[in-house]
Amino acid sequence: DTMTPVGVVIVSEHLSGSLAQHSRRIIEAYEGYQQLRVLRRPIEGVYLSFFLMMTLFILVSATWLGLYTAKRITRPIGLLAAGAREIGQGNFGYRIEPETADEFGRLGDAFNTMAGELELSRAEVQRKGREVEGRGRYIETILKRIATGVISLDQSGRINTMNSAAARLLGLDQSAVGQMFDDVFARQDLRPLLSIPQGAARTRGGTAGHEITLVRDGRDLHLAVAATPL
């Protein structure tokens with residue numbers, strides 16, 4: 001068939017080499033832009049996920065660091081508070097185990113040193129207290145056994161102690177202990193003794209022993225009396 005086409009001839013303007021090259025670059029850029037445009041949503045999702053992960057990581061790190069720092073501060077303080085309560089309850093053997101070598105660790109060492117000194121001081125006080133108690137019992141035993149009457153007064157003039165010899169010589173009983181000296185010795189037969197403590201307080205060196213005569217039950221009672229300030 002002579003009418004059947006066997007080819008196509010396209011006629012166009014001739015393009016120089018540089019112009020054709022620029023044309024290819026434009027076509028490639030456009031095709032690349034179209035590809036990026038299609039991938040814009042997935043790329044935005046990837047970057048958003050990345051930033052969200054970074055944000056969460058920073059938040060978690062900051063929270064953990066804050067809790068760790070707070071624990072490093074509050075735990076030693078809590079240990080010190082517990083130690084102070086133990087010391088306040090009389091447990092002077094309580095000690096703190098320092099967990100770090102920083103300022104808090106040195107603070108724990110200082111607390112342990114203080115607790116040790118308090119324990120030694122308490123032991124010393126207890127020892128001295130036992131000595132004083134024993135000395136007091138010793139003196140009390142002596143006062144009970146001697147035939148000399150002894151009466152002690154405090155600074156306000158109240159009778160603190162009175163041995164049995166003093167009670168027997170003066171006709172008193174132990175109910176006088178705790179009462180004012182002036183009230184007890186205001187009794188008619190004991191009035192000559194009222195001035196004795198006052199004289200010792202004025203001289204500060206005590207009064208020399210001298211004789212005082214008391215009249216009791218119609219007879220004279222001759223006593224040698226002296227007062228000494230303690």
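Taking the options SER61, SER18, SER23, name whichever one is loosely packed, with under 10 Cβ neighbours inside 10 Å, in a helix (DSSP H, G or I) and not charged (D, E, K, R). Steps first, please.
Numbers: SER61 fails: loosely packed, with under 10 Cβ neighbours inside 10 Å; SER23 fails: loosely packed, with under 10 Cβ neighbours inside 10 Å.
Answer to the check: SER18.
Residues in the stretch 190-217 that are modelled with pLDDT of 70 or more and open to solvent by 80 Å² or more (accessible area, probe 1.4 Å): how many?
5
Going through the stretch 94-116 one residue at a time, which ones are outside any helix (DSSP H, G or I) and either over 13 Å from ARG72 (Cα atoms) or touching a residue at least 24 places away in the same chain (Cβ under 8 Å) (or both)? Steps first, answer last, please.
Narrowing the stretch 94-116 to residues outside any helix (DSSP H, G or I): 94-102.
Of everything in the stretch 94-116, those that are outside any helix (DSSP H, G or I) and either over 13 Å from ARG72 (Cα atoms) or touching a residue at least 24 places away in the same chain (Cβ under 8 Å) (or both) turn out to be TYR94, ARG95, ILE96, GLU97, GLU99, THR100.
Suppose the filter is at pLDDT 90 or above, open to solvent by less than 90 Å² (accessible area, probe 1.4 Å) and either assigned to a helix (DSSP H, G or I) or of a type outside the set (Lys, Arg) (or both); does ILE139 pass it? Show your work before the answer.
Working: at pLDDT 90 or above: no; open to solvent by less than 90 Å² (accessible area, probe 1.4 Å): yes; either assigned to a helix (DSSP H, G or I) or of a type outside the set (Lys, Arg) (or both): yes.
So ILE139 fails the test.
How many of the residues in the stretch 156-174 are open to solvent by 70 Å² or more (accessible area, probe 1.4 Å) and in contact (Cβ under 8 Å) with a residue 40 or more places away in the chain?
Within the stretch 156-174, residues that are open to solvent by 70 Å² or more (accessible area, probe 1.4 Å) and in contact (Cβ under 8 Å) with a residue 40 or more places away in the chain number 0.
Can you pull out the residues in the stretch 143-155 that are part of a helix (DSSP H, G or I) and exposed (fewer than 12 other Cβ atoms within 10 Å of the Cβ)? Can you show your working first?
First, the residues of the stretch 143-155 that are part of a helix (DSSP H, G or I): 143-145.
Listed by number, the residues that qualify are LYS144, ARG145.
Can you tell me which residues in the stretch 64-93 are in a helix (DSSP H, G or I) and open to solvent by 100 Å² or more (accessible area, probe 1.4 Å)?
First pass over the stretch 64-93, keeping only residues in a helix (DSSP H, G or I): 64-88.
TRP64, LEU67, TYR68, LYS71, ARG75, ARG85 - these are the residues of the stretch 64-93 that are in a helix (DSSP H, G or I) and open to solvent by 100 Å² or more (accessible area, probe 1.4 Å).
If you scan the stretch 94-108, which residues turn out to be modelled with pLDDT under 80, of a type outside the set (A, V, I, L, M), within 15 Å of the chain's Cα centre (by Cα) and open to solvent by 40 Å² or more (accessible area, probe 1.4 Å)? Walk me through it before giving the result.
Start the filter on the stretch 94-108 by keeping residues that are modelled with pLDDT under 80, which leaves 94, 96-108.
Narrowing further to those that are of a type outside the set (A, V, I, L, M): 94, 97-100, 102-106, 108.
Okay, now just the ones that are also within 15 Å of the chain's Cα centre (by Cα), so 94, 104, 108.
If the condition is that a residue be modelled with pLDDT under 80, of a type outside the set (A, V, I, L, M), within 15 Å of the chain's Cα centre (by Cα) and open to solvent by 40 Å² or more (accessible area, probe 1.4 Å), then TYR94, PHE104 are the ones that fit.
The values are calculated or read from the model by the stated rules, or taken from the named source; none is laboratory data. Predicted model only: the values in this text are computed from it and were never measured. Glycine gets a Cβ as well: all are built from the backbone with ideal geometry, and neighbour counts include every protein chain shown. Please note that ligands, DNA and RNA were not included when accessible areas were found on the heavy atoms of the full protein model with its side chains. Shrake-Rupley method; radii C 1.70, N 1.55, O 1.52, S 1.80 Å.
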